[in-house]
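See structure below.
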Amino acid sequence: MIFGVLKVKEVREVFGVMSGGRMEDFSQYNQNFSHELTGENDWMDVHLNTLFLELQDIYTATYIFRTVDSAWDKKVQEKEVPGHSAVRTILYEALVYRVILGLSKIFANQKEYSLSKATNQIEQIYKNNSEVKNIIDEILQKFDCSPMIPKIRIFRDKFFAHLDKESVISYFRIDPAAAMKDMDCDEIEEWLLLIGKLYKSCFGVELTRNSQMPSKDDIVYTFF
């Protein structure tokens with residue numbers, strides 16, 4: 001049946017929504033596989049590994065964004081500005097949302113299953129392991145002195161995940177890419193190193209980085 005002719009009741013049944021607008025059962029859309037793991041250590045192994053992979057993807061997205069920005073500036077200087085492209089604009093802004101919301105998920109507060117909560121749980125699991133404790137201390141110190149993380153949380157709450165009243169008529173509404181100037185590739189790199197150290201100290205395995213970044217030529221070709 002075509003979505004456009006579904007009755008309201010049928011739409012609610014399809015999407016599991018009650019009359020109050022709440023989802024009845026999120027698990028029907030987002031299957032949970034935790035029952036396949038053998039214990040808390042396995043769960044944390046997968047969680048920390050996935051955080052690392054997500055942060056690596058965010059690093060790549062930031063690199064792509066910076067490359068596109070540089071290529072655009074060069075074309076402006078050379079008076080070779082291409083015509084408007086809806087595809088290019090959407091892809092460009094999608095990179096911004098990937099970075100901001102992705103970092104928000106990893107560096108959210110302790111109420112969510114972020115890096116902060118993961119380190120708290122690891123500290124309990126490995127409370128007698130001095131090496132793990134030292135690395136967690138490094139991570140906590142990094143949280144305290146990071147100039148990027150507080151901005152990520154504000155950007156998320158005020159605009160990217162929720163539309164705050166102050167942001168309804170604002171510069172971000174016109175150009176959300178402006179937030180990217182505060183996203184620091186060097187700091188993301190430092191976080192990757194710290195998560196890698198923590199994982200190795202807990203599970204005895206080195207997390208491998210994807211050394212193959214997309215080439216500048218491929219990025220420029222894709223966008224221009």
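The values are calculated or read from the model by the stated rules, or taken from the named source; none is laboratory data. Worth saying up front: this structure is predicted, and the values here are computed from it rather than measured. Cβ sites come from the backbone with ideal geometry, for glycine too, and all protein chains shown count toward neighbours. Surface accessibility is based on the protein's heavy atoms, side chains included, excluding ligands, DNA and RNA. Shrake-Rupley method; radii C 1.70, N 1.55, O 1.52, S 1.80 Å.
Picking from ASN134, ASN109, ASN129, which residue would you name as being touching a residue at least 24 places away in the same chain (Cβ under 8 Å), open to solvent by 60 Å² or more (accessible area, probe 1.4 Å) and more than 29 Å from MET213 (Cα to Cα)?
Details: ASN134 fails: touching a residue at least 24 places away in the same chain (Cβ under 8 Å); ASN129 fails: open to solvent by 60 Å² or more (accessible area, probe 1.4 Å).
ASN109 is the lone residue from the list that is touching a residue at least 24 places away in the same chain (Cβ under 8 Å), open to solvent by 60 Å² or more (accessible area, probe 1.4 Å) and more than 29 Å from MET213 (Cα to Cα).
Evaluate segment 154-163: report whether one residue or more is in contact with a Pro (Cβ under 8 Å, 6 or more places away or on another chain), at pLDDT below 90, open to solvent by less than 90 Å² (accessible area, probe 1.4 Å) and assigned to a helix (DSSP H, G or I). Don't jump to the end; show me each part of the working.
Restricting attention to segment 154-163, the residues satisfying the condition of being in contact with a Pro (Cβ under 8 Å, 6 or more places away or on another chain) are 159-160.
If we keep only those that are at pLDDT below 90 too, we end up with 159-160.
So of that shortlist, the ones also open to solvent by less than 90 Å² (accessible area, probe 1.4 Å) come out as 159-160.
Applying the additional criterion that residues be assigned to a helix (DSSP H, G or I) yields 159-160.
Yes, because at least one residue in segment 154-163 is in contact with a Pro (Cβ under 8 Å, 6 or more places away or on another chain), at pLDDT below 90, open to solvent by less than 90 Å² (accessible area, probe 1.4 Å) and assigned to a helix (DSSP H, G or I).
Which condition breaks for ALA179 when tested against (1) under 30 Å from ASN134 (Cβ atoms); (2) surrounded by 18 or more Cβ atoms within 10 Å (Cβ to Cβ)?
Status for ALA179: all satisfied but (1).
Being open to solvent by 30 Å² or more (accessible area, probe 1.4 Å) and part of a helix (DSSP H, G or I) is the requirement here; does GLU206 meet it?
Details: open to solvent by 30 Å² or more (accessible area, probe 1.4 Å): yes; part of a helix (DSSP H, G or I): no.
For GLU206, the condition - open to solvent by 30 Å² or more (accessible area, probe 1.4 Å) and part of a helix (DSSP H, G or I) - is not met.
Can you list residue pairs whose Cβ atoms sit under 8 Å apart, with the first residue in segment 68-85 being within 19 Å of VAL96 (Cα to Cα) and in contact (Cβ under 8 Å) with a residue 60 or more places away in the chain and the second being in a helix (DSSP H, G or I) and of a type in the set (Lys, Arg)? Count only pairs 6 or more apart in sequence or on different chains.
Note: pairs meeting the criteria are ALA71/LYS216.
For segment 37-57, state whether one or more residues are under 16 Å from ILE219 (Cβ atoms), in contact with a Cys (Cβ under 7 Å, 6 or more places away or on another chain) and in a helix (DSSP H, G or I). Break it down into steps so the answer makes sense when it comes.
As a first pass, look at segment 37-57 and keep what is under 16 Å from ILE219 (Cβ atoms): 57.
Subset that is in contact with a Cys (Cβ under 7 Å, 6 or more places away or on another chain): none.
No, the conditions are met nowhere in segment 37-57.
Testing ALA61 on (1) open to solvent by 80 Å² or more (accessible area, probe 1.4 Å); (2) modelled with pLDDT of 95 or more, one condition comes back false. Which one is that?
Unmet for ALA61, out of (1) open to solvent by 80 Å² or more (accessible area, probe 1.4 Å); (2) modelled with pLDDT of 95 or more: (1).
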